[in-house]
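Contents: one structure, followed by commentary.
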Amino acid sequence: MNWVQLGITVVTLGSIFGVVTMALNLQYGHAGMVNLGLVAYFGAGAYAYAIVTEPAPSGVDQYVVGLGWPPWAGFLIAGLAGLAFALITGPPSLRLRGEYFAITTFAFAEVFRSLLINERRIGNGTAGMAGIDRPYRDVFSSIDYDYVFAAAAVLFAFITFLIFRRIVRSPFGRLMEATRDDEVAVLTSGKQVSRTRLLTFLGSALFIGFAGAFYATFTTLATPTLFTATFTFSIFVALVVGGAGSLYRAIAGILVIISFEEVVRTFPFTTQRSAQIASGLQIAALGFLLILFLRYQPFVRWQPLQRLRKPRYQEHVEVTHER
């Protein structure tokens, strides 16, 4: 087992998926929105990057558009693709609450995946778009590039962390938490609940789209099999393991999940059947881990899914009344 390569992979994927987990934490942990369609915005960013950076179709390629633009343009378009899909799906989804909102976002994600599978002119259908160039790889050697790419992913996650932390600590962050806890109180105070929820939804989708571009360059592949509901499930498990409502714990949770998955992948499997069984057991193990944390979470040190302290906006109101 190559522990160095394993560590680089965990750091890289942990940073990419950590951005998605922080975005989910912003939506769920602070705004109270259970978005089961995260993978759609992630996939939109990945496919947008592939379409923008891949050359024009040739040979057996069935996709129509390949712009061949530089990587930085693909990265920007990927974020805008996630934002555009959120603009399409956000307004109708945000009219709903609770499980209805969750089911609607999940349905939009499945529609998006079905579109990728059946409309070959977008991204080659089930075959997907392979051979995506890793940006600026010719500048570095094959050995050094893995470290450079991991460093770029960490920098991306760190910038996202700083931006989200600033949002959470701002008045808008307190408004998100107030909307999560009591929409009626927010409405009676003259604030717009729908606008707050929509801005949170759109901002999160933008960074998820960026993360999708990073993932496409890491795997050098964009195919519908990579963007299934299992991805969303893993992100939710990571957030539960770490604890909703904290950016630090969201990152810790995804690092635990990625480390577990990558260690399982290092085991040698002699047959395809054994590899399939191992993949199924991996998903089952994640589900079992989620059950344990949900069952015994009152005794977990980090207290995930618990609101142990009063929301900041309530503390501010009480202090104001005392004065």
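On the basis of being over 21 Å from T230 (Cα atoms), touching a helix residue (DSSP H, G or I) at 6+ places or on another chain (Cβ under 9 Å) and in contact (Cβ under 8 Å) with a residue 40 or more places away in the chain, does L6 make the cut?
yes
Kindly indicate the residue of segment 153-201 that is among the small types (G, A, S) and surrounded by 16 or more Cβ atoms within 10 Å (Cβ to Cβ) and also nearest to the chain's Cα centre (by Cα) among those meeting that condition.
A157
What tally of residues in segment 126-142 results from selecting those that are in a helix (DSSP H, G or I) and either touching a helix residue (DSSP H, G or I) at 6+ places or on another chain (Cβ under 6 Å) or at pLDDT 90 or above (or both)?
Adding up the residues that qualify gives 2.
Can you tell me which residue is modelled with the lowest pLDDT among those in segment 1-16 that are exposed (fewer than 13 other Cβ atoms within 10 Å of the Cβ) and assigned to a helix (DSSP H, G or I)?
Ranking the qualifying residues of segment 1-16, first place goes to W3.
Determine which member of the set A44, A78 is within 18 Å of A152 (Cβ to Cβ), assigned to a helix (DSSP H, G or I), out of contact with any Asp or Glu (no Cβ under 9 Å at 6 or more places or on another chain) and touching a residue at least 12 places away in the same chain (Cβ under 8 Å).
Among A44, A78, only A78 is within 18 Å of A152 (Cβ to Cβ), assigned to a helix (DSSP H, G or I), out of contact with any Asp or Glu (no Cβ under 9 Å at 6 or more places or on another chain) and touching a residue at least 12 places away in the same chain (Cβ under 8 Å).
Go through segment 112-142 and report how many residues are free of Cβ contacts under 8 Å to residues at least 12 places away in the same chain and either surrounded by 18 or more Cβ atoms within 10 Å (Cβ to Cβ) or of a type in the set (A, V, I, L, M, F, W, C) (or both).
Final tally of qualifying residues: 3.
Checking G243 against (1) at pLDDT 80 or above; (2) buried (at least 21 other Cβ atoms within 10 Å of the Cβ), which test does it fail?
(1) is the only condition that G243 fails.
Collect the residues in segment 202-212 that are buried (at least 19 other Cβ atoms within 10 Å of the Cβ) and among the hydrophobic types (A, V, I, L, M, F, W, C), keeping them in residue-number order.
Matches in segment 202-212: A205, L206, F207, I208, F210, A211.
The values are calculated or read from the model by the stated rules, or taken from the named source; none is laboratory data. Just so it is clear, the model here is predicted, and its values are computed rather than measured. Cβ coordinates were reconstructed from backbone atoms using ideal geometry, including for glycine residues, and neighbour counts include every protein chain displayed.
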